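Colleague: Have a look at this one before I ask anything.
The values are calculated or read from the model by the stated rules, or taken from the named source; none is laboratory data. Please read all numbers here as calculations on a predicted model, not as lab measurements. Every residue, glycine among them, receives a Cβ derived from its backbone with ideal geometry; neighbour counts consider all protein chains shown. With ligands, DNA and RNA removed, areas are computed over all heavy atoms of the protein, side chains included. Shrake-Rupley method; radii C 1.70, N 1.55, O 1.52, S 1.80 Å.
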Amino acid sequence: MSTEKRVLIIEDDPIVQKLVAKLVERRGAKASVHGNALNLSPILKDGLNEFKLVFLDLILPDITGWEILQTIRSKPEFQNLPVIVLTGAILSPDEKKSIL
């Protein structure tokens, strides 16, 4: 089992991808960047256990961040996996509560 810290970044904007990846790597972790849902399904199904943190954009081209968050939180083993939501969207009070 690897002791390497890995961070999953789910973001479609290339500039934000690079910025977050650089921040992650400066902290000594390895960034795994995904901009769409094409390669994400196997990770959400079986590969989340290798990540210590997730950065998640709510507005993505193929799947919503809300769906991804729901998938992560539906698995008991990932209930406490930290997810940092990145979004430019204005969230309603109910949406804000659902993120917490």
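Colleague: When region 44-57 is examined, which residues are found to be open to solvent by 30 Å² or more (accessible area, probe 1.4 Å) and either within 10 Å of the chain's Cα centre (by Cα) or closer than 14 Å to VAL7 by Cα (or both)? Before you say what the answer is, go through the steps one by one.
Modeller: Let us first name the residues in region 44-57 that are open to solvent by 30 Å² or more (accessible area, probe 1.4 Å), namely 45-46, 49-50, 52-53, 55.
Across region 44-57, the qualifying residues are ASN49, GLU50, LYS52, LEU53, PHE55.
Colleague: Find the residue count for region 58-69, including only residues that are touching a helix residue (DSSP H, G or I) at 6+ places or on another chain (Cβ under 9 Å) and surrounded by fewer than 14 Cβ atoms within 10 Å (Cβ to Cβ).
Modeller: Residues meeting the conditions: 1.
Colleague: Residue by residue through region 1-23, note down the ones that are open to solvent by 100 Å² or more (accessible area, probe 1.4 Å) and either part of a strand (DSSP E or B) or modelled with pLDDT under 95 (or both).
Modeller: Scanning region 1-23 gives MET1, THR3, LYS5.
Colleague: Would you be able to tell me the number of residues in region 83-100 that are closer than 19 Å to VAL24 by Cα and open to solvent by less than 60 Å² (accessible area, probe 1.4 Å)?
Modeller: Let us first name the residues in region 83-100 that are closer than 19 Å to VAL24 by Cα, namely 83-87.
Within this subset, residues satisfying the condition of being open to solvent by less than 60 Å² (accessible area, probe 1.4 Å) are 83, 85-87.
Adding up the residues that qualify gives 4.
Colleague: Looking only at region 52-62, decide whether some residue is among the charged types (D, E, K, R) and in contact with a Leu (Cβ under 6 Å, 6 or more places away or on another chain).
Modeller: Yes: region 52-62 contains one or more residues that are among the charged types (D, E, K, R) and in contact with a Leu (Cβ under 6 Å, 6 or more places away or on another chain).
Colleague: Based on this model, can you work out whether GLY65 counts as of a type in the set (Gly, Ala, Ser) and in contact with a Leu (Cβ under 8 Å, 6 or more places away or on another chain)?
Modeller: It is true that GLY65 is of a type in the set (Gly, Ala, Ser) and in contact with a Leu (Cβ under 8 Å, 6 or more places away or on another chain).
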